[in-house]
Every structure is written in C-alpha cells, then in structure tokens.
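Structure first, commentary second.
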Amino acid sequence: TERTFSILKPDATKRNLTGAVNAVIEEAGLRIVGQRRIQMSRAQAEKFYEVHKERPFFGELVEFMTSGPVVVQVLEGENAVAKYREVMGATNPAQAAEGTIRKRFAQSVGENTVHGSDSAENAAIEIAQFFGEGDIA
Ligand code: ATP
Ligand code: MG
C-alpha cells in the first residue's frame, strides 16, 4: 500500500465540488486518510510549486492556488500515486480521458480542480509539508 498527496484546488471549493470529487476518489478504491480545508498562504504556494518557479505560468499558478480555500488530502491504497494520476486525468482537461476528474469538472489547464503527486518520493515530501503523522489515520 502507498500514499499520495492530493489538493482539491480553489475552483473545486468555489463550485461546491469537494463531495463530488471525493466520491470519484473513493469509488476508485483510494482511501482518504488525511483531510484538511485551508487557505494557502502565498509562501506555502510558492514553496509547494517551487519546481515550477521558472515556468511562465508560475505567478498565475500561485495567484490561483491562494485565491480561495483548498482541501489538502492524504490518499492511501494500492499504487496510490499512479492510480490517482489516472483518476485525475491529463493536466489539460481538453485532453483528459472520459470519466476522469479533470474531464468531468475542470475548466482550464490552470484551473484544473485537483493536484496529485507525480512520484512516491514527492508524495512523502508534499505530505510532510501539510500533515503530521498524528493527522493521518
Ligand atoms: P499537478 O502538479 O497540479 O498535479 P500536473 O502534474 O498534471 O498537475 P504540472 O505540469 O505539474 O501538471 O503543472 C502544475 C500545475 O500548474 C497544473 O496542475 C496547472 O494547475 C498549472 N499549469 C500547468 N501548465 C499550465 C499552463 N500552460 N498554463 C497555466 N497553468 C498551468
Ligand atoms: Mg505536477
């Protein structure tokens, strides 16, 4: 069993879609073992997306991720990292497969409803940024 880190982004909370997205997550067999709704600070968002800081969309991304509340989550299950990436769909909703979260709910490549870790190593780093072991069960 494996853990991954998930964020329900501001476009999801704004449109009251957190329950709908969580239903897709749970139907995929992933267990929500940690969950907290927070307002990300600018510093938190900049640190979280540090790997993208040279990309042209970095400023826009930080602006978006701090534009409203997000739900940070720890998901657990068999091959959780790969499974969640599959359930999320492609970064650009226009290219996302039928039935995926981004195909069903996302509005644009920037406002794409969810984040999911891209490796188990990054998952551990990202989880540690928002959760203590005592907050996961
Ligand atoms: P995430 O890391 O959020 O799970 P991802 O791994 O599919 O998404 P990345 O390439 O890591 O995509 O990009 C991180 C985030 O930056 C995207 O989810 C999206 O919100 C934003 N982003 C990516 N490309 C663009 C773009 N061309 N224009 C605007 N925003 C973008
Ligand atoms: Mg990514």
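The values are calculated or read from the model by the stated rules, or taken from the named source; none is laboratory data. Quantities reported herein were computed from a predicted structural model and do not represent experimental measurements. Please note: Cβ atoms are built from the backbone with ideal geometry, for glycine as well, and neighbour counts cover all protein chains shown. The accessibility values were calculated without ligands, DNA or RNA, using every heavy atom of the protein model including side chains. Shrake-Rupley method; radii C 1.70, N 1.55, O 1.52, S 1.80 Å.
Worth pointing out:
- One residue from A106, A97 being over 20 Å from G19 (Cβ atoms) and either at pLDDT 95 or above or away from ligand 2 (no atom under 16 Å from the Cβ) (or both): A97
- Only residues that are within 13 Å of ligand 1 (Cβ to nearest atom) and out of contact with any helix residue (DSSP H, G or I) (no Cβ under 7 Å at 6 or more places or on another chain) were counted in the range 39-61, giving 9.
- Filtered by the rule that a residue be charged (D, E, K, R), assigned to a loop (DSSP other than H, G, I, E, B) and within 15 Å of ligand 2 (Cβ to nearest atom), the range 48-94 gives K53, E54, R55.
- Residues in the range 109-121 that are farther than 18 Å from A12 by Cα and either more than 15 Å from ligand 2 (Cβ to nearest atom) or without any contact (Cβ under 8 Å) to a residue 24 or more places away in the chain (or both): E121 only.
- Screening N122 on (1) open to solvent by 30 Å² or more (accessible area, probe 1.4 Å); (2) more than 12 Å from ligand 1 (Cβ to nearest atom); (3) part of a helix (DSSP H, G or I) shows it passes everything except condition (2).
- Restricting R55, R42, R3, R36 to those that are loosely packed, with under 12 Cβ neighbours inside 10 Å, of a type outside the set (V, I, T) and in contact (Cβ under 8 Å) with a residue 12 or more places away in the chain reduces the list to R42.
- Exclusive hit being in contact with a helix residue (DSSP H, G or I) (Cβ under 9 Å, 6 or more places away or on another chain) and among the aliphatic types (A, V, I, L, M), set A82, A97: A97
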